[in-house]
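The values are calculated or read from the model by the stated rules, or taken from the named source; none is laboratory data. Here the structure is a predicted model, which is why all the values come from computation and not from measurement. Glycine gets a Cβ as well: all are built from the backbone with ideal geometry, and neighbour counts include every protein chain shown. These accessible areas exclude ligands, DNA and RNA; they are computed on the full protein's heavy atoms, side chains included. Shrake-Rupley method; radii C 1.70, N 1.55, O 1.52, S 1.80 Å.
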Amino acid sequence: MRSKSDTDLGTPVGADAPAVTVTIDGASVTVPAGTSVMRAAALAGHKIPKLCATDSLEPFGSCRLCLVEIDGARGYPASCTTPVRDAMVVRTQSEALARLRRGVMELYISDHPLDCLTCPANGNCELQEMAGVVGLREVRYGYQGENHLASPKDESSPFFTFDPSRCIVCSRCVRACEEVQGTFALTIDGRGFGSTVVASQREPFAHSECVACGACVQSCPTAALTENSVIAMGQAERSVVTTCGYCGVGCSFKAEMKGSSVVRMAPNQNGSANHGHACVKGRFAWGYATHPDRVKRPMIRARIDEPWREVSWDEAIAYAARELRRIQTSYGRDAVGGITSSRCTNEETYLVQKLVRAAFGNNNVDTCARVCHSPTGYGLKLAFGTSATTQDFDSVRHADVIMIIGANPTEGHPVFGSALKRRIREGAKLIVIDPRQIEIVKLPHVAASYHLKLRPGANVAVINAIAHVVMTEGLADLDFVRERCGARDFATWRGFILEPRNSPEAVEPMTGVPAANLRAAARLYASAPNAAIYYGLGVTEHSQGSTMVLGMANLAMATGNIGRPGVGVNPLRGQNNVQGSCDMGSFPHELPGYRHISDAHVRSAFEREWRVTIDPEPGLRIPNMMDAALDGSFKGIYIQGEDPVQSEPDSGHVTDALRKMECVVLQDIFLNETAKFAHVILPGSSFLEKDGTFTNSERRISRVRKVMEPLAGFADWQITCQLSAALGYPMAYAHPSQIMDEIARLTPTFAGVSYAKLDRLGSVQWPCNDAAPEGTATMHVGRFVGGMGKFTITEYIPTEERTSARFPLILTTGRILTQYNVGSQTRRTTNASLHPEDLLEIHPHDAEQRGIRDGAWLDVRSRKGATRLRARVSPRMQPGVVYTTFHHPESQTNLLTTDLSDWATNCPEYKVTAVEVVPLAKLEDYEHERRP
Ligand code: SF4
Ligand code: SF4
Ligand code: SF4
Ligand code: FES
């Protein structure tokens with residue numbers, strides 16, 4: 001249910017239309033033609049009673065509570081479904097209307113439990129409120145007639161309860177599931193008195209198609225659908241607007257609080273990224289913040305085989321600083337480094353890189369973005385001049401063709417996935433390029449026009465072939481290219497892409513994509529008025545990740561699909577603040593704002609502000625730090641909110657490297673896998689325990705606000721400041737707003753950002769500066785940030801990782817909806833029960849060949865290592881390709897992955913690993929056969 005503080009205008013904002021003026025209860029109001037009478041009245045300050053209408057859903061007109069009188073109209077029209085006309089005269093209050101409304105309410109209340117005082121919605125119930133508004137004093141029909149009061153509850157969902165006895169069959173939940181979420185799990189079954197809400201084929205919610213997004217619960221005007229947390233704790237006392245701590249969609253929430261406990265996370269109707277929607281993680285999976293596993297005391301140990309010793313903050317910080325300085329004295333200034341966190345705030349990330357550059361005195365700082373979207377930063381900067389998405393999420397509302405490459409938005413970025421589904425239901429065409437049949441390929445009312453089911457690793461060949469079709473079939477926008485792009489680069493690229501070896505027919509044997517399908521998809525993309533590309537880690541986590549980003553940029557420029565709403569090249573960033581961690585100078589070669597460390601002018605600005613000399617040489621990337629540790633030249637590391645043992649590829653290499661270090665300082669909320677190799681644990685803080693900002697996939701900077709005190713005493717930014725002070729470089733900030741002020745002073749794209757502005761506008765998208773004081777939704781309008789768009793040759797070079805007789809299958813990886821990354825948060829919430837283990841998806845043909853049955857335990861081995869997973873036999877896979885998720889540490893998927901990486905950025909090639917899978921029951925035979 002929406003918060004009381006949210007103004008509900010009853011029906012959604014209409015399409016752009018000429019203004020009309022109407023008179024409502026004697027007051028004049030001017031609104032776009034087509035606006036509902038209910039909305040116009042609300043805008044004029046007159047609240048018409050309503051139950052089935054809400055402004056997040058299309059009007060339905062079922063409850064008949066919103067009747068009005070309109071001059072010249074017969075009867076009493078429903079104001080929610082009646083559009084205004086110019087000069088219309090409306091009355092929302094009269095004796096007759098009051099009588100009618102009371103009559104409607106009487107019918108509802110005669111079949112409703114009269115236990116308001118003990119109802120979980122008490123005080124936040126629209127039915128209760130409307131009974132008061134219409135002045136209901138008695139129910140003439142009594143309460144003894146036929147009713148639904150004994151209907152059994154559906155308590156199957158771990159997140160919410162459906163109590164049919166409180167249902168008024170307003171259909172808001174059904175419409176929310178359809179219109180907002182796009183899952184179509186609910187219907188109203190039966191007729192008349194027998195009408196009831198059912199999930200799927202009359203199944204319990206937990207066993208239905210429901211994905212637990214909670215949109216139905218939020219839309220319900222009564223307590224028929226209620227969060228279990230609200231049933232347990234009661235209604236909240238206050239709310240604080242903050243930003244989700246999970247994925248790169250960056251949904252805005254109201255954390256509804258009772259004391260220092262969260263009662264419910266209610267998506268913020270005014271959130272520009274999510275417009276009041278959320279997914280099962282952001283809405284329901286916040287319990288990890290207070291999980292008993294949280295580390296609450298600092299700990300130290302001299303060696304990793306010793307037990308931990310709980311110590312005071314002062315002792316832990318002093319020990320860490322002493323050790324890091326000792327290492328620098330013994331092994332040199334460059335023997336230490338740091339890893340920033342994409343889970344932490346911009347301000348915290350900024351401080352870690354500042355500590356490394358100013359207090360350590362080197363540039364050995366890197367981020368986990370290295371292992372996900374570093375090719376995005378490289379490729380988009382080279383092509384367009386800036387390392388970020390070209391659009392905002394709402395841009396998709398203008399797209400006519402949507403191309404999704406190597407992303408699974410309905411599971412990985414669910415709220416944006418819902419926006420995509422909505423646009424496709426409205427008529428946009430969909431092209432999916434993915435080895436697997438991801439969910440959005442076929443869903444109720446959504447079907448991809450083309451699914452190019454390519455072989456993992458063949459992205460570049462496919463994008464080149466699409467561009468080849470565009471150029472050979474005269475589908476390019478040459479005017480755009482002439483005006484906006486470098487002529488010489490384009491001519492060189494044109495010569496390359498026209499070569500017959502890039503044709504769909506030539507690449508078909510390598511890609512596995514039928515040439516005719518590829519040609520048709522290329523024509524669809526290129527001939528659309530607006531075509532947009534959305535992509536994910538299936539693009540970047542390859543040895544040719546950067547080449548593929550450049551290939552998509554080439555295609556978008558060649559077809560003129562850049563620089564306006566509805567188009568663009570749009571990375572879907574993984575973690576909540578992965579964009580921000582890159583923006584904040586987390587890479588060893590870049591200061592905040594993606595400015596190269598070798599630029600003396602840029603360095604001098606930071607040197608003045610920080611009062612230090614900055615090393616002009618780039619520092620070590622994470623893989624280089626690990627290599628240097630094994631060489632003996634890198635001995636100490638400060639890791640904030642990361643788990644490289646689980647998240648880096650070839651984890652055996654990482655653990656060997658960490659074992660050789662003399663001081664690993666880990667700042668985290670849980671003892672993760674990396675903690676096994678740490679010497680100092682500094683207890684971190686969750687997103688609920690601190691102030692700051694996150695920057696989402698669309699460059700949107702949003703406030704994170706503290707709703708509870710840090711469990712261990714300090715927010716992460718405060719801990720970094722303490723460590724820096726102990727290292728002899730004090731950083732004095734009273735509040736994260738001062739850190740943002742410093743970022744704004746030093747970073748041109750953030751120059752106009754301040755907490756005051758964020759409070760005023762809710763959020764802003766960078767660049768935000770004098771040229772764009774309220775931020776920038778669409779980039780490269782009229783001109784690329786880098787001047788002229790740059791075409792680059794994108795030669796397809798197959799990965800060195802090949803299948804063989806011994807490893808005949810390709811393993812690729814991804815996420816599922818209910819879990820998040822390495823699972824350290826979601827596994828500590830109710831979501832754990834929804835995906836208790838990682839499974840290996842395998843095509844029925846491959847399974848049959850190996851005698852694998854659904855659910856069987858498998859030995860999965862690659863050239864690098866082996867692990868065990870259970871099988872899910874699934875026609876979603878293509879033969880020769882297997883797939884798994886990486887949410888559970890015991891799966892140890894990264895033991896399998898290779899040490900191959902993107903040529904430009906070292907982003908690991910997680911998406912292509914040659915493996916063999918053998919049922920455990922047959923492992924002995926298999927090993928016997930393989931013995932030389
Ligand atoms: S469950 Fe709630 S939203 Fe759904 S029909 Fe019943 S009262 Fe309306
Ligand atoms: S929780 Fe979401 S998916 Fe499930 S029934 Fe409600 S709206 Fe539909
Ligand atoms: S879509 Fe992402 S940001 Fe939004 S609620 Fe879900 S996890 Fe949080
Ligand atoms: S609110 Fe208009 S008919 Fe229900």
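Observations on the model:
- Restricting attention to region 176-196, the residues that are within 14 Å of ligand 2 (Cβ to nearest atom) and either open to solvent by less than 10 Å² (accessible area, probe 1.4 Å) or part of a loop (DSSP other than H, G, I, E, B) (or both) total 6.
- Residues being assigned to a loop (DSSP other than H, G, I, E, B), near ligand 4 (Cβ under 6 Å from one of its atoms) and open to solvent by less than 30 Å² (accessible area, probe 1.4 Å) - total across region 49-78: 8
- Any chance Val89 is farther than 30 Å from Arg422 by Cβ, among the hydrophobic types (A, V, I, L, M, F, W, C), open to solvent by 20 Å² or more (accessible area, probe 1.4 Å) and at pLDDT 95 or above: yes
- Number of the condition not met by Val401 [criteria: (1) over 23 Å from Asn554 (Cβ atoms); (2) in contact with a strand residue (DSSP E or B) (Cβ under 6 Å, 6 or more places away or on another chain); (3) modelled with pLDDT of 95 or more]: (1)
- Condition check for Gly10: within 16 Å of ligand 1 (Cβ to nearest atom), at positive phi and small (Gly, Ala, Ser): yes
- Counting only helices (runs of 4 or more DSSP H) that sit completely within region 366-464, those holding 1 or more residues that are under 30 Å from Asn624 (Cβ atoms) and among the basic types (Lys, Arg) correspond to 374-384.
- Search result, residues across region 5-27 that are of a type outside the set (A, V, I, L, M), assigned to a loop (DSSP other than H, G, I, E, B) and more than 33 Å from the chain's Cα centre (by Cα): Pro18, Asp25, Gly26
- When Val249, Val217 are checked against the criterion of being within 10 Å of ligand 2 (Cβ to nearest atom), modelled with pLDDT of 95 or more and open to solvent by less than 20 Å² (accessible area, probe 1.4 Å), a single residue qualifies: Val217.
- Residues of region 153-177 that are touching a strand residue (DSSP E or B) at 6+ places or on another chain (Cβ under 8 Å) and away from ligand 1 (no atom under 12 Å from the Cβ): Glu155, Phe159.
- Being in a loop (DSSP other than H, G, I, E, B) and either more than 35 Å from the chain's Cα centre (by Cα) or surrounded by fewer than 18 Cβ atoms within 10 Å (Cβ to Cβ) (or both) is a condition met by at least one residue of region 93-108.
- Qualifying residues in region 14-30 (those that are free of Cβ contacts under 8 Å to residues at least 40 places away in the same chain and not small (Gly, Ala, Ser)) - the one least open to solvent (accessible area, probe 1.4 Å): Val29
- Residues of region 197-206 satisfying the condition of being surrounded by fewer than 21 Cβ atoms within 10 Å (Cβ to Cβ) and either more than 14 Å from ligand 2 (Cβ to nearest atom) or within 25 Å of the chain's Cα centre (by Cα) (or both): Ala206
- When region 176-224 is filtered for residues that are on the phi > 0 side of the Ramachandran plot and away from ligand 3 (no atom under 16 Å from the Cβ), the ones remaining, listed by number, are Phe184, Gly190, Gly192, Ser200, Arg202.
- All positions within region 31-48 that are surrounded by 21 or more Cβ atoms within 10 Å (Cβ to Cβ) and part of a helix (DSSP H, G or I): Val37, Met38, Arg39, Ala40, Ala41, Ala42
- Region 275-289 residues that are outside any helix (DSSP H, G or I), paired with ones that are hydrophobic (A, V, I, L, M, F, W, C) (beta carbon under 6 Å, 6 or more apart): His277/Val180; His277/Val415; Ala278/Cys251; Cys279/Cys213; Cys279/Val415; Trp286/Val262; Trp286/Met265
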